[in-house]
1. Filter region 2-24 down to residues that are in a loop (DSSP other than H, G, I, E, B) and hydrophobic (A, V, I, L, M, F, W, C) and give me whichever is surrounded by the fewest Cβ atoms within 10 Å (Cβ to Cβ).
2. I'm trying to understand the selection: among the residues of region 56-80, which are part of a loop (DSSP other than H, G, I, E, B), more than 13 Å from Ala121 (Cβ to Cβ) and among the β-branched types (Val, Ile, Thr)?
3. Just to be sure, is Ala83 surrounded by 11 or more Cβ atoms within 10 Å (Cβ to Cβ) and either at pLDDT below 90 or not in a strand (DSSP E or B) (or both)?
4. Name, by its number, the condition in (1) out of contact with any strand residue (DSSP E or B) (no Cβ under 7 Å at 6 or more places or on another chain); (2) closer than 15 Å to Val123 by Cα that does not hold for Ala91.
5. How many of the residues in region 26-46 are in a helix (DSSP H, G or I) and exposed (fewer than 10 other Cβ atoms within 10 Å of the Cβ)?
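The values are calculated or read from the model by the stated rules, or taken from the named source; none is laboratory data. Please read these numbers as outputs of a predicted model, since none were measured by experiment. Every residue, glycine as well, gets a Cβ built from its backbone with ideal geometry; the counts of neighbours run over all protein chains shown.
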Amino acid sequence: MKFYTPKRRSPNIIIVSLIDILTILLIFFVVTTTFRLPQPQVTITLPETTKAGAAPLPHRPLVVHVTSEEEIFLDDRPVEIDALVHEVKVAQDAGRTVALKADRKAPFGVIIKIIDALKAANVRALPAFTQTPDSVPK
C-alpha cells in the first residue's frame, strides 16, 4: 500500500520585512535618545562668608616625590631609598603624615620599592597622587 506524502518546502525567511522593522526601530531609538550633557539633578547655592578663612593645617604632610628618572625627593630634597625609612620615622615621631606624589611616567618598580620602605617605617595610611612632568621639583 502506498501512502501519499506531500513534499516539504524548505523554510525561508523574508528579509525585506525584517529590514523594514530594523529601520523603524533604529529611527525610534535615534529620535528618543537625548543628546545633551549630563546636568546635576539638584542645584545647591551655598552661603558665602567674608569673616571666616581657611583652617590652618596642624602639620604639613611629608611628601615623597618620585620622578620619571627614578629620582626620589623628600620635601624637595633628594634622598636615597635606604635613608627614606629613617627620615619617615623621624617625621612621624614629630607628628607629620606622609603622602606619595609620583610622576605619571615613573617606573612602577620604584614606586613599589618606596611603598615597601614606607611600610617598613610603619606608615598606615598613604595618600598618593600623580603629578605632571612640569611640576617636578628641581
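1. Phe3
2. Within region 56-80, Thr67 is the sole residue that qualifies.
3. Values: surrounded by 11 or more Cβ atoms within 10 Å (Cβ to Cβ): yes; either at pLDDT below 90 or not in a strand (DSSP E or B) (or both): yes.
Taking the combined requirement at face value, the residue satisfies it.
4. (1)
5. 4
Yes or no, residue by residue, for (1) under 14 Å from Pro61 (Cβ atoms); (2) surrounded by 12 or more Cβ atoms within 10 Å (Cβ to Cβ); (3) in contact with a strand residue (DSSP E or B) (Cβ under 8 Å, 6 or more places away or on another chain):
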| position | (1), (2), (3) |
| --- | --- |
| Ala99 | yes, yes, yes |
| Arg104 | no, no, yes |
| Ile111 | no, yes, yes |
| Leu118 | yes, yes, yes |
| Ala125 | yes, no, no |
